[in-house]
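J.: This is the structure I have questions about; it appears just below.
The values are calculated or read from the model by the stated rules, or taken from the named source; none is laboratory data. Since the model is a prediction, treat every value here as computed from it, not as a measurement. Glycine gets a Cβ as well: all are built from the backbone with ideal geometry, and neighbour counts include every protein chain shown.
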Amino acid sequence: MVLFVDTVAVVGAGTMGARIAELFALNGKKVVLKEIEQVPLDKGMAIIKQDLDGLVAFHEKKGDVKIRDIESNGISLTDEQKEAIRKRNRPTYTRDRADKVLAKIHPTTDYDDVSGADLVIEAVVERMDIKKAVFSDISKVVDSRTVFASNTSSLPITEMAKATDRPNRFLGMHFFNPPTTLPLVEIIPAETTEEETVMDIMNVVSELRNHRYPMMPVRVKETPGFLVNRILGAMMNEVFLCYEEKIAAPRDIDIAMKAGAGFPMGPLELADMIGLDVAAHVQETLTPFFLEREKKTATVVSELVDEGRLGKKVGRGFFEYE
Ligand SMILES: NC(=O)c1ccc[n+]([C@@H]2O[C@H](COP(=O)([O-])OP(=O)(O)OC[C@H]3O[C@@H](n4cnc5c(N)ncnc54)[C@H](O)[C@@H]3O)[C@@H](O)[C@H]2O)c1
């Protein structure tokens, strides 16, 4: 049976939970946003309201911003042309639409309100004991077919799944901060997750759109850091070593990766944006895994070279090219 998601429950209304709730409401879903107490719940709802206000303001100004962009290139537009541009860039998010999105979210501190959810996404603090307790409490009020997902960044999905009454209908749904503008969702099946649930959740995510983009689910095997943080963690370690060894000035490290490797943002600037406390935590989590990995060098590149797959220049590398 294909999962039809009418109501999503998001548990935890912090940095991530509030905007995950907003994302589903933007896409017409009914959302129950559950917090432990009223104060963080109000804070979460305030984040959503502020976000939606920003979206409405952005849409209201879209036409004028376009006009300013064109005129800043030395082109002067007639009133008629300006009007045509404003018409073409009519706001798709109006105050009325934002109010309707907000009305889709039911904030609560009561587990009973979660009972009708088809999908529960947990986004509480990064502690295994608290997450297990949350799933255990929710199991008592929801249907046995309700899918459970955790937005954890680093905790083992299989351990969490096995602690619930539905290890087959449990998976990791790792959103990126903020999910209202970053479209990636890593879908991490536990060892116990049934294929049908993975496909259902991949489909649910593919049908969503955030403020800017269609959401993009990527299936990832359970591994420390999952996909993005594992790759980024390895690279960031080299960046931090280059910094410590004074290989280049901090600004130059960022310029090099932007100008030479096509990064949209310098890695040190990125670390500052993520928060150095968060970066330190990620590093701590991944260090044992990376130390183990030190003994291992990937062999796939030389294997592909032996097969004549040299990349784009010969039409075949990791991918095939026309
Ligand atoms: N912040 C990020 O950049 C980011 C990115 C991806 C994933 N994550 C993951 O998302 C999860 C949440 O992170 P966050 O940054 O939003 O944290 P946060 O501290 O901003 O929010 C957590 C919220 O959970 C609430 N909470 C705690 N116990 C609860 C309970 N029993 N029931 C209901 N609510 C409860 C807290 O009151 C708080 O408001 C973590 O697992 C984190 O690893 C975070």
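J.: Return a yes/no flag: does the range 190-205 have any residue that is within 30 Å of ALA271 (Cβ to Cβ), in contact (Cβ under 8 Å) with a residue 60 or more places away in the chain and in the same structural domain as THR109 (by TED's automatic domain parsing).
T.: no
J.: Do the conditions hold for ASP118, that is, is it within 14 Å of the ligand (Cβ to nearest atom), under 30 Å from VAL56 (Cβ atoms) and out of contact with any helix residue (DSSP H, G or I) (no Cβ under 7 Å at 6 or more places or on another chain)? First the steps, then the outcome.
T.: On the way: within 14 Å of the ligand (Cβ to nearest atom): no; under 30 Å from VAL56 (Cβ atoms): yes; out of contact with any helix residue (DSSP H, G or I) (no Cβ under 7 Å at 6 or more places or on another chain): yes.
Judged against the criteria, ASP118 is not a match.
J.: I would also like to ask the following. Out of (1) of a type in the set (Asp, Glu); (2) under 23 Å from LEU286 (Cα atoms); (3) assigned to a helix (DSSP H, G or I), what's the single condition that is false for ASP112?
T.: All conditions pass for ASP112, except number (2).
J.: Where in the range 265-322 are the helices (runs of 4 or more DSSP H), entirely inside, with at least 3 residues that are touching a residue at least 24 places away in the same chain (Cβ under 8 Å) and under 27 Å from VAL239 (Cβ atoms)? Walk me through how you get there before you give the answer.
T.: Numbers: elements: 267-274, 276-293, 300-306.
Where helices (runs of 4 or more DSSP H) fall fully within the range 265-322 and carry at least 3 residues being touching a residue at least 24 places away in the same chain (Cβ under 8 Å) and under 27 Å from VAL239 (Cβ atoms), they are 267-274, 276-293.
J.: Look through ARG145, ARG166 and report the one residue that is touching a Phe, Trp or Tyr at 6+ places or on another chain (Cβ under 9 Å), in contact (Cβ under 8 Å) with a residue 12 or more places away in the chain and over 29 Å from GLU284 (Cβ atoms). Explain how you work it out, then say what you get.
T.: Details: ARG145 fails: touching a Phe, Trp or Tyr at 6+ places or on another chain (Cβ under 9 Å).
Checking each option against the conditions leaves just ARG166.
J.: Can you tell which of GLU37, GLU60 is within 11 Å of the ligand (Cβ to nearest atom) and either assigned by TED's automatic domain parsing to the domain that holds SER206 or exposed (fewer than 15 other Cβ atoms within 10 Å of the Cβ) (or both)?
T.: Values: GLU60 fails: within 11 Å of the ligand (Cβ to nearest atom).
Being within 11 Å of the ligand (Cβ to nearest atom) and either assigned by TED's automatic domain parsing to the domain that holds SER206 or exposed (fewer than 15 other Cβ atoms within 10 Å of the Cβ) (or both) holds for just one of GLU37, GLU60, which is GLU37.
J.: Mind checking which residues of the range 5-24 are of a type outside the set (Phe, Trp, Tyr), part of a helix (DSSP H, G or I) and more than 6 Å from the ligand (Cβ to nearest atom)? Outline the logic, then answer.
T.: Residues of the range 5-24 that are of a type outside the set (Phe, Trp, Tyr), as a first pass: 5-23.
Next, from what is left, pick out any that are part of a helix (DSSP H, G or I): 15-23.
The answer is ALA18, ARG19, ILE20, ALA21, GLU22, LEU23.
J.: What do you reckon, is ALA133 closer than 26 Å to PRO40 by Cα, out of contact with any Lys or Arg (no Cβ under 9 Å at 6 or more places or on another chain), among the small types (Gly, Ala, Ser) and more than 14 Å from the ligand (Cβ to nearest atom)?
T.: Working: closer than 26 Å to PRO40 by Cα: yes; out of contact with any Lys or Arg (no Cβ under 9 Å at 6 or more places or on another chain): yes; among the small types (Gly, Ala, Ser): yes; more than 14 Å from the ligand (Cβ to nearest atom): no.
No.
J.: Turning to a different aspect of this structure: I'd like the residue in the range 166-199 that is more than 15 Å from the chain's Cα centre (by Cα), not in a helix (DSSP H, G or I) and not hydrophobic (A, V, I, L, M, F, W, C) and, out of all such residues, is farthest from the ligand (Cβ to nearest atom).
T.: Checked the range 166-199; the qualifying residue farthest from the ligand (Cβ to nearest atom) is GLU194.
J.: What's the number of the condition HIS106 fails, among (1) assigned to a loop (DSSP other than H, G, I, E, B); (2) touching a residue at least 40 places away in the same chain (Cβ under 8 Å)?
T.: (1)
J.: Let me ask something else. For the condition within 16 Å of the ligand (Cβ to nearest atom), out of contact with any His (no Cβ under 6 Å at 6 or more places or on another chain) and of a type in the set (Val, Ile, Thr), what is the one hit in ILE231, ILE247, ILE255? Reasoning before the result, please.
T.: On the way: ILE247 fails: within 16 Å of the ligand (Cβ to nearest atom); ILE255 fails: within 16 Å of the ligand (Cβ to nearest atom).
Within the list ILE231, ILE247, ILE255, the selection yields ILE231.
J.: A further question follows. Those residues that are free of Cβ contacts under 8 Å to residues at least 60 places away in the same chain and surrounded by 18 or more Cβ atoms within 10 Å (Cβ to Cβ), I need them from the range 148-163; list them, please.
T.: PHE148, ALA149, SER150, THR152, MET160, ALA161
J.: Filter the range 136-155 for residues that are at pLDDT 95 or above and near the ligand (Cβ under 8 Å from one of its atoms) and give the result.
T.: ASP137, SER150, ASN151, THR152
J.: Same structure again: Do the conditions hold for ASP137, that is, is it touching a Phe, Trp or Tyr at 6+ places or on another chain (Cβ under 9 Å) and assigned to a helix (DSSP H, G or I)? Reasoning before the result, please.
T.: Numbers: touching a Phe, Trp or Tyr at 6+ places or on another chain (Cβ under 9 Å): yes; assigned to a helix (DSSP H, G or I): yes.
In short, yes.
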